[in-house]
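Presented below is the structure to which this report refers.
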Amino acid sequence: TAGLCSFDVQYRVDAGSWRALRTRTRSTSLTLNARPRGHTYSIRVRAEDCAGNASAFTAPKVLKVS
């Protein structure tokens, strides 16, 4: 096997477009601070192995900040 090398992390606000938050990161944790209230934030992740093969993005994890 090629082994897991990195992750791509994307986010979106409400129903907006997905935006890159981290690209090819090796970090396995993420903290989002000071997000404006009244919005829904979604995060999704995909993994890439050391041979350059990327998985599909995960189902979004959704957080409503009220």
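The values are calculated or read from the model by the stated rules, or taken from the named source; none is laboratory data. Note that the structure is predicted; figures quoted are calculated from it, not measured. Heads up, the Cβs are rebuilt from the backbone with ideal geometry, glycines too, and the neighbour counts pull from every protein chain shown. Note: accessible area is taken over every heavy atom of the protein model, side chains too, but ligands, DNA and RNA are not part of it. Shrake-Rupley method; radii C 1.70, N 1.55, O 1.52, S 1.80 Å.
Anything in region 46-57 that is exposed (fewer than 12 other Cβ atoms within 10 Å of the Cβ) and polar (S, T, N, Q)? List them, or say none.
Selection gives Asn53 alone.
Anything in region 30-64 that is more than 17 Å from Ala20 (Cβ to Cβ), at pLDDT 85 or above and in contact with a strand residue (DSSP E or B) (Cβ under 8 Å, 6 or more places away or on another chain)? List them, or say none.
Once the filter is applied, which keeps residues that are more than 17 Å from Ala20 (Cβ to Cβ), at pLDDT 85 or above and in contact with a strand residue (DSSP E or B) (Cβ under 8 Å, 6 or more places away or on another chain), region 30-64 yields Arg37, Gly38, His39, Thr40, Asp49, Cys50, Ala59, Val62, Leu63, Lys64.
In region 27-45, what residues are open to solvent by 60 Å² or more (accessible area, probe 1.4 Å) and within 12 Å of Tyr11 (Cα to Cα)?
Leu30, Leu32
What residue, among those in region 1-20 that are modelled with pLDDT of 90 or more and either part of a loop (DSSP other than H, G, I, E, B) or open to solvent by 50 Å² or more (accessible area, probe 1.4 Å) (or both), is farthest from Val65 (Cα to Cα)?
For region 1-20, the residue satisfying everything is Ala20.
What is the residue count in region 21-43 for residues that are under 11 Å from the mean Cα position of the chain (by Cα), assigned to a loop (DSSP other than H, G, I, E, B) and either on the phi > 0 side of the Ramachandran plot or not β-branched (Val, Ile, Thr) (or both)?
Adding up the residues that qualify gives 2.
Name the pairs whose Cβ atoms lie under 7 Å apart, with the first residue in region 15-28 and in contact (Cβ under 8 Å) with a residue 12 or more places away in the chain, the second open to solvent by less than 100 Å² (accessible area, probe 1.4 Å) and among the hydroxyl-bearing types (Ser, Thr, Tyr), and 6 or more positions between them or separate chains?
Pairs found: Leu21/Tyr11; Arg24/Ser6; Thr25/Ser6; Arg26/Ser6.
Go through region 48-61 and count every residue that is in a strand (DSSP E or B) and under 10 Å from the mean Cα position of the chain (by Cα).
1
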